[in-house]
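Everything below concerns the one structure shown next.
Please treat every number below as a calculation from the coordinates, not as lab data. The shown structure was predicted, so the numbers you read here are calculated from the model rather than taken from an experiment. Reconstructed Cβ throughout: ideal geometry from the backbone, glycine too, with neighbour counts over all protein chains shown.
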Amino acid sequence: MPNTALLQVDRLNSYYSIKQHQSMQALYDISFSMYSHQNLGVIGESGSGKSTLVKSIAKLMPSQSQQILFNQQRIDHLTEKQFKPYRQEMQLIFQDPHSSLNPYITIEQSMMEPLEAFPRRIPRSQWKEHTQILLEDVGLSSSVLKKLPMELSGGMAQRVNIARSLLLHPQLILADEPVSALDFIIQMQIIDLLQTLQQKHGVSFLIISHNMSIIKQLCSQLIILYKGRLVEYGSTHTLMNHPIHPYTRSLLVASHNPLMADATNTTTSETFTVHGESFTFYPAQRNQQSILKQVAPNHWVTLYQT
Ligand SMILES: Nc1ncnc2c1ncn2[C@@H]1O[C@H](COP(=O)(O)OP(=O)(O)OP(=O)(O)O)[C@@H](O)[C@H]1O
């Protein structure tokens, strides 16, 4: 594994204001690193904090952390203005392909928006050619440029979003359920496309998904979130084949057998052993004190001391 992280998140805590003077904590002490040319998957049930994680990293919501480093530069304490240069390096793709595109402007106008926001990133004389090459890369002809988003299928609109996310040569793309709104066949095509684009453009993806097989295909590293906590993190292969945390194990059971989807809704505590030491997982408690412990070279697990 390379030594310097593309993204390093240390003890990230995120909150939503729910009423005046009242907030709800959505993420607790999340720590992880991801490296260039590597994809990181984030998996967890609904409400576990996956989207909050992406929004917090991209500074779309306020959060607190010990530090967040992007290419070894601290980005957590930056103002919106100071953070602007990093927005070109860190692009977002969302679940609903059409909601990311302004319905009233053509695809060409949508594609120009990022270039106009960062006009010095790509020489203006190359904008047209650059856009056309990227559309080709995602399997679209330049005839889509004159269309409105409503004239495109979900798969085509998501291809436009992917091309758009690559316009500024970002290093990191944060993709929040990028294929879950699409039909199965289109999902497979988009996943293949992401793989090809990663190789061609050298970009890294942080991908949120409910789907283990998508993560398995695309991501070498994996984070498992549960109720706002990172419960297990490390190599996808290790987590899928030798999970330690009871929640990871129940998630894997549920992913292999849809009839066992309730397996992740456990409310009883469970004791498990790491290197001969006994720990208990309390599924019902959000505020349980815990530590993230490294159990192998590329494997961390959140432990609750019994
Ligand atoms: N705008 C908001 N205001 C208040 N609470 C919120 C808001 N958005 C999310 N939450 C809460 O924060 C927690 C984490 O939500 P988040 O959307 O990050 O989960 P998720 O894992 O992405 O879920 P899903 O898979 O359903 O998208 C949940 O308890 C959710 O109810």
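Length gained on full extension, Lys293 to Asp192: 32.9 nm, using 0.36 nm per residue less the C-alpha separation.
Would you mind working out the magnitude of the charge dipole of the chain relative to its Cα centre, with +1 at each Lys and Arg C-beta and -1 at each Asp and Glu C-beta, to the nearest 20 Debye?
Values: 24 positive and 22 negative charges, 138 e Å.
The calculation lands at about 660 debye.
When Arg229, Arg74 are sorted by how many other C-beta atoms sit within 10 angstrom of their C-beta, beginning with the fewest, the order is Arg74, Arg229.
Each peptide in 42-52, 187-197 receives the mean, over its residues, of other Cβ atoms within 10 Å, and ordering these scores from highest gives 42-52, 187-197.
This ranking places Leu167, Leu182 by how few other beta-carbon atoms lie within 10 Å of each, fewest first, which gives Leu182, Leu167. Phi angles of region 140-153 translate, via the Karplus equation with coefficients 6.51, -1.76, 1.60 and θ = phi - 60°, into HN-Hα couplings of 10, 8, 6, 5, 6, 4, 8, 8, 8, x, 5, 7, 9, 5 Hz per residue; Gly and Pro are given as x. Applied to region 196-212, the Karplus parametrisation 6.51 cos²θ - 1.76 cosθ + 1.60 on θ = phi - 60° returns per-residue 3J(HN,Hα) values of 4, 5, 4, 5, 6, 9, x, 8, 10, 10, 9, 10, 8, 7, 8, 9, 4 Hz, with x for Gly and Pro.
DSSP beta bridges in the chain, what fraction antiparallel, as a percent rounded to 5? So the antiparallel bridges in the chain amount to around 70 percent.
Backbone geometry of region 53-64 corresponds, through the Karplus equation with coefficients 6.51, -1.76 and 1.60 at θ = phi - 60°, to 3J(HN,Hα) couplings of 4, 4, 5, 5, 5, 7, 6, 8, 8, x, 8, 10 Hz, x marking Gly and Pro. Close amide H partners of Gln67, meaning residues 5 or more places away or on another chain with modelled amide H under 5 Å apart, are Asp10.
Taking region 71-159, which chymotrypsin sites (Phe, Trp or Tyr not before Pro) meet the DSSP loop condition and have no more than 16 other C-beta atoms within 10 Å? Each step should come with its number before you reach the end.
Numbers: sites: Phe83, Tyr86, Phe94, Tyr104, Trp127; in loops: Phe94, Tyr104.
Qualifying residues, ordered by number: Tyr104.
In plain terms, the residue of Met111, Met156 with the fewest other Cβ atoms within 10 Å comes first and the most crowded comes last, giving Met156, Met111.
Taking amide H positions as modeled 1.01 Å from N, with prolines and chain starts lacking one, the residues under 5 Å from Val274 and 5 or more places away or on another chain are Phe279. Output the pairs from Lys81/Lys146; Lys55/Lys84; Lys81/Lys128; Lys50/Lys200 with a Cα-Cα distance over 21 Å in this structure; if there are none, say none. In this structure, Lys81/Lys146; Lys81/Lys128; Lys50/Lys200 lie more than 21 Å apart at Cα.
Taking amide hydrogens as placed 1.01 Å from N in the peptide plane, the amide H of Leu92 sits under 5 Å from those of Leu174, each at least 5 positions away in sequence or on another chain.
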